[in-house]
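First comes the structure, then the notes that go with it.
The values are calculated or read from the model by the stated rules, or taken from the named source; none is laboratory data. No experiment lies behind these values; they were computed from the predicted model shown. No Cβ is skipped: glycine too gets one built from the backbone with ideal geometry, and neighbour counts run over all protein chains shown.
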């Protein structure tokens, strides 16, 4: 007898065993699907309807028990038949564990072809019969629904009621109303009262009372709608605001449709009101976020442009390394700020990020309390720290194993003081001119943050002290935003 083929999934990490199962089960005439690992089996299950799973208990990475547990956790596969194959002696405890994981049977190795085929055939037929029963149930449900629909449409009154019910699902976000154009009577459902923040026991629905709840700037919308219906319009939609008795302003969208008599005269207007306040607020937040992202992107590009334009090097490779290092430092602090939704960054985290590329052992000592930095401050200090670490690794204390670096910071009266002290490295001489790193550090700290940057080129090692206000808000930069120092600012402090 012809029947619809079902899919049987064979899971084993040994190709020879998979081939043997295929040969044994080929006589069943079903679709055999192969998976050589537990993870591959999971991928197959997500893409294919499987009737029976034949799985080896002992597999690397993900064994049969673990695979069964993961399969059973998915609602789609809680009833899928699984048969375990075990090449080792299976104890009663192992069998119980397998049944707990969802196995329906065990097959020992060596496999007896007739037994394996019989077991697979039973569960394949069971799957086929179950699907057939589900199809019959679905057909029955479809017939019941069709018959129910016929009964629901038997009278015009029932149809009208169902239309109002389908348009106005309350839950506080939607309401329906009906206005008898001839008698002037109004009908509001529960959702309509909830949206307007009033109750049927204390609020009489009539044009003056409804108008009193509309935002003054949107009252003309009601008048316009009435005028449109008098001109022959049959449907109208508009957005408007309401002011609830407690003073809360809500945004709504209203849709109205007119019913006319044989002479095309309006006799009734019915409508739906939907509370869209959350959508409006989400749109405002999205617009604000878009403007914020645009601002930050422009600032980042401006800073990158300054880095590229003002970086100096004697050869191309050195120039590329310098530019990449500075841009990567900017990228790292952006990642930290993104993880905090641009609320700020910990100073210690910035230092750890800049330390990451170096294997320094015990050469560095850090000392200071937890300090939360505003985004603009974090970006500036991240670039400053990058320049200090880079210069120290090339020419200073971190360029030799004997060198030592102490980074300490403290906060007093919302003023952050960070000290960078090198010792034990090569002999230090005061540079004749300032490079891009020093100039950008000075420009950012002093011009952008209103702080101070002091350098003492001692023979035993550089001593740098940065003083940065933690709460300063410049006239040109909003809190949480960062403006890159301009070329002019860099040149002003270049000395």
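Quick notes on this structure:
- Selection status of residue 479, farther than 14 Å from residue 383 by Cβ and either more than 37 Å from the chain's Cα centre (by Cα) or modelled with pLDDT of 85 or more (or both): no
- The strands (runs of 3 or more DSSP E) found entirely in the range 166-268 that carry 1 or more residues being under 34 Å from the mean Cα position of the chain (by Cα) are 174-180, 235-243, 249-260.
- When residue 225 is tested against the conditions (1) exposed (fewer than 13 other Cβ atoms within 10 Å of the Cβ); (2) at pLDDT below 85, the lone failure is (1).
- Residue in the range 71-80 that is closer than 10 Å to residue 9 by Cβ, at pLDDT 85 or above and surrounded by 15 or more Cβ atoms within 10 Å (Cβ to Cβ) present: no
- Against the criterion of being within 18 Å of residue 377 (Cβ to Cβ) and modelled with pLDDT of 50 or more, residue 466 qualifies.
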